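Written below as structure tokens is the structure these notes are about.
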């Protein structure tokens, strides 16, 4: 694998930012690791971080580089602060950065497949929300999307009785506007994405996680609408032991073409 940290200027954000990228490399003489790569442009997974993290966190807290080495899969991990992958009401245009500028720059900087069937998105917590929102808002871009412990019911999270969203974060991201029914409401988005276009969805959450209720709400809403999805509810908390295990399940679930 080739590992790099890319520091670059974002026109959408009006400032420099960064992303961590893993690129596949075919190898045979490394001790304890064999790398694979497809013959053509490699498939890509956009892997999104959570509220307290940055673009390096998946690499630091899991063995993601080792997990993807035999798969011939590129992984792009962008930096979005505490934005909920949204054009912030009192901040910056992180949705525009994520959905428009980032893919364009990645294809300019790196050799990646542009085919929908080779493009995937996943994330944890805030990033799980971002992954599902991106996939449902732009279903023509992704073959599959996965959420690990995702904040999948953001519309009710502001005043949740046990774990409300920090008011300062909410004010910066959403201001005083209602989220329910908008393009930032993942449940509302289930009604706006035709079934023939919707990517495959994977929802995992630990039963001891404070976001378990949000995930139950989203899964129930999806099933009421006849939306097919893979659900993995099992013992686990909101922590890296859970996410390190579950990202391996996500990688096994992705419809990847065989690597060379």
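Just so it is clear, none of the values below were taken in a lab; they were calculated from the coordinates. Since the model is a prediction, treat every value here as computed from it, not as a measurement. Positions of Cβ are generated from backbone atoms using ideal geometry, with glycine treated the same way; all protein chains shown enter the neighbour counts.
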Only bridges whose two residues both fall in the chain count here: according to DSSP, what percent of them are antiparallel, nearest 5? 40
Contour excess over end-to-end distance, with Cα ends at residue 183 and residue 56 and 0.36 nm allotted per residue: 42.9 nm
Under a crude label model (7 Å from the Cα following the beta-carbon direction), how far is residue 41 from residue 244 in nanometres? 3.5
Which length gain, in nm to one decimal place, applies between residue 114 and residue 237 when the Cα-Cα distance is subtracted from 0.36 nm times their residue separation? 40.7 nm
Candidates 171, 49, 107, ranked by Gaussian network fluctuation over the chain, Cα under 10 Å, top entry: 107
With the 8 Å Cα cutoff and a minimum separation of six or more residues, segment 59-190 has a relative contact order in percent of 23
D_trans [Stokes-Einstein, Kirkwood Rh over alpha-carbon pairs] for the chain, 37 °C, 0.692 mPa s, µm² s⁻¹: 178
Given the -39500 (n - 2.57) contribution per DSSP H run of 4+ residues, what per-residue ellipticity at 222 nm results for the chain, rounded to the nearest 500 deg cm²/dmol? -7500 deg cm²/dmol
Relative contact order for segment 2-253: what percent, with Cα pairs under 8 Å and sequence separation of 6 or more? 17
Cα→Cβ-extended label distance, 7 Å offset, between residue 252 and residue 18, nm: 3.3
Relative to the present Cα-Cα distance, how much length would full extension add between residue 4 and residue 176 at 0.36 nm per residue of separation? 58.0 nm
What FRET efficiency comes out for residue 196 versus residue 30 if R0 is 51 angstrom and r is the Cβ-Cβ distance? Round to the nearest 0.05. 0.75
